[in-house]
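The structure appears right after this line, and notes come after that.
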Amino acid sequence: MSKRVSLVHIAEEQLLSLIRRLPKGTRKLPAEEELCGQLSISRATLREALGQLARAGFITKRHGVGNIVNFSVLNTPMRFDEELSMRRLLASAGVTETQRFAPVPETKDTVSFLNGVAPCGIEIIHPWVIQESRHFINGVPAVWTFNIYPDTVRRLTDDDIQGLSFRELVIAITGAEISHTIKAIIPTAADSKLAKIFGLSEKDPVLMWYLRNFGLDDELLSCGVTIFNPRVVTLNSFNRWD
């Protein structure tokens, strides 16, 4: 991750933390000069961070008024439209624990499972390595992810990847910076393995994301499957009326 991107990301998180500490009934952020002083960042970094929060809908920028906080958006959990990290999406749902497992070579079982929950014919390129993560809400399995990488990537250990955001995880494994993601939302049915983990019955409907993650050169870095437990998670979408 570039230093510039890192500074803006940190500023975003600092701003969100500040927003959550605003006195009840306060919707307007302090002036930019005051925010720069509070966060010890430059005006350029602040404006870029505010712009990203505005695109995500957390604030509305009004000329002559300032930056207005949209608490209805801030408090909406599991927004799948955000240009934000999976970590923030999970945190919004109250995820209390994440288990990450180091990438391992694909096996017949994992390929069979992934093909089983993707009946629409999604192709998994071979040979790849698969990195699995499980996310829990109050001890209940809520989200299960499989990130699939070429078998030429770095072979990290479980300890190497604990506590990383998804973006940091991609960088650590591939050595490349992620630029953008293309996402497909696909309804599917729980097989026996998924049903057991999520506490469902076989063939219960579940929602799956299929993601393709690209680098700055528009090369495919990884693809991924994310499956949501419908008993725990409801996905929400945000749209702005300009």
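Structure notes:
- Of the helices (runs of 4 or more DSSP H) lying entirely inside the stretch 1-82, the ones with 1 or more residues being among the basic types (Lys, Arg) are found at 3-20, 43-55.
- Number of the exception - Asp151 against (1) modelled with pLDDT under 85; (2) surrounded by fewer than 18 Cβ atoms within 10 Å (Cβ to Cβ); (3) in contact with a strand residue (DSSP E or B) (Cβ under 7 Å, 6 or more places away or on another chain): (1)
- Considered as a group, the residues in the stretch 162-190 that are part of a helix (DSSP H, G or I) and in contact (Cβ under 8 Å) with a residue 24 or more places away in the chain include one that is nearest to the chain's Cα centre (by Cα), and that residue is Phe166.
- The stretch 197-218, residues that are in contact (Cβ under 8 Å) with a residue 40 or more places away in the chain and of a type in the set (A, V, I, L, M): Ile197, Val206, Met208, Leu216
- Test result for Leu221, surrounded by 12 or more Cβ atoms within 10 Å (Cβ to Cβ), touching a residue at least 40 places away in the same chain (Cβ under 8 Å) and assigned to a helix (DSSP H, G or I): no
- Residue match in the stretch 90-97 (condition: hydroxyl-bearing (Ser, Thr, Tyr), modelled with pLDDT under 85 and not in a loop (DSSP other than H, G, I, E, B)): yes
The values are calculated or read from the model by the stated rules, or taken from the named source; none is laboratory data. On a predicted model such as this, the values are computed, not experimentally measured, just so you know. Here Cβ is always computed from backbone atoms with ideal geometry, including for glycine, and neighbour counts include all displayed protein chains.
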